[in-house]
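Since every read-out is calculated from the coordinates, none of them should be taken as a lab result. This is a predicted model, so every value here is computed, not measured. Neighbour counts run over all protein chains shown; Cβ positions are idealised from the backbone, glycine included.
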């Protein structure tokens with residue numbers, strides 16, 4: 001990665017301040033890159049390898065790395081360093097670990113190749129059109145953040161311009177399985193609906209797998225009504241059921 005990498009980032013009003021012209025930036029996610037994609041790229045460069053063999057090796061490596069970190073080891077590979085961390089208050093003379101109040105996470109430190117690649121990135125900054133933005137999705141049952149969702153249970157969605165407003169039938173919150181030809185399922189039940197927070201019930205019919213969550217609304221800044229709906233797709237895949245290999249912790253904790 002010797003050359004410059006030019007990415008796009010969208011600017012949104014900073015909801016933590018009332019200062020005019022103060023923005024936060026979100027890089028646009030350009031896609032999802034899986035082990036199968038890694039294998040395809042390697043085969044394109046070095047045709048003596050079969051993609052199935054590469055995927056099997058990468059999957060085995062992922063499993064071994066997960067086991068190592070789960071057993072308390074500091075994992076160092078070509079991507080970076082991973083090690084466990086604990087957060088929460090431990091009180092008393094003989095405190096014990098309680099998963100209800102203590103959070104186990106993973107600390108990630110980028111390795112030199114990734115750090116060098118980051119130095120080559122520059123951004124085209126674009127002021128985003130007014131519309132919904134999602135920062136965080138919390139599963140109420142498991143308390144996982146930006147990771148798992150539970151069908152039939154609530155999730156808390158936070159950020160800005162989240163109010164579902166307008167009579168366009170496209171408006172709403174949706175879950176779509178991350179696979180070809182998947183049917184989108186719409187949220188039917190809302191416990192709370194404001195411009196900064198939505199508490200909704202995940203549709204009961206979601207099968208195990210990974211899902212894209214999207215929100216479509218005509219709500220604009222300061223409770224204004226837009227003529228056309230705006231859609232925001234949360235860039236982090238949310239999992240129903242067993243987590244895929246290598247996704248044992250929340251992306252916010254890495």
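For the chain, the longest principal axis of the alpha carbon atoms and the long axis of helix 51-70 meet at an angle near 80°. If R0 is 41 Å, the Cβ-Cβ spacing of residue 4 and residue 242 corresponds to a FRET efficiency of close to 0.55. For the stretch 1-133, the square roots a ≥ b ≥ c of the C-alpha gyration tensor eigenvalues yield an a/c of 1.5 or more together with a/b not exceeding b/c, which makes the shape oblate.
Cα centroids of the stretch 107-147 and the stretch 170-240: 19 Å apart. The C-alpha atoms of the chain define a longest principal axis, and helix 35-45 lies at about 60 degrees to it.
Take the chain, connect every pair of alpha-carbon atoms lying under 10 Å apart with a spring to form a Gaussian network, then pick out the residue of 69, 96, 137 with the largest mean-square fluctuation. In the Gaussian network model the winner is 96.
Of all DSSP-defined beta bridges confined to the stretch 5-124, some 80% are antiparallel rather than parallel. Using the Cβ-Cβ distance between residue 28 and residue 94 with R0 set to 51 Å, the FRET efficiency works out to roughly 0.55. Computed on the Cα atoms alone, the convex hull of the chain gives a volume of 185 cubic angstrom per residue. Taking all Cα-Cα distances within the stretch 153-201, those exceeding 12 Å account for 66%.
Here the spin labels are modelled as points 7 Å beyond Cα on the Cα-Cβ line, and at residue 52 and residue 184 they lie 3.7 nm apart.
Using the Cβ-Cβ distance between residue 64 and residue 224 with R0 = 51 Å, the FRET efficiency computed as 1/(1 + (r/R0)^6) comes to roughly 0.45. Placing a pseudo-label 7 Å from each Cα along the Cα-to-Cβ vector at residue 115 and residue 208 gives an inter-label distance of 4.0 nm. P(r) tail for the stretch 66-105: Cα pairs beyond 11 Å make up 68% of the total. When only alpha carbons of the stretch 130-248 are considered, Rg and Dmax amount to 13.8, 43 Å.
Relative protection proxy for 138-151, 185-198, 163-176, from highest mean packing down: 138-151, 163-176, 185-198 (other beta-carbon atoms within 10 angstrom). The DSSP beta bridges internal to the stretch 130-248 are antiparallel in roughly 95% of cases.
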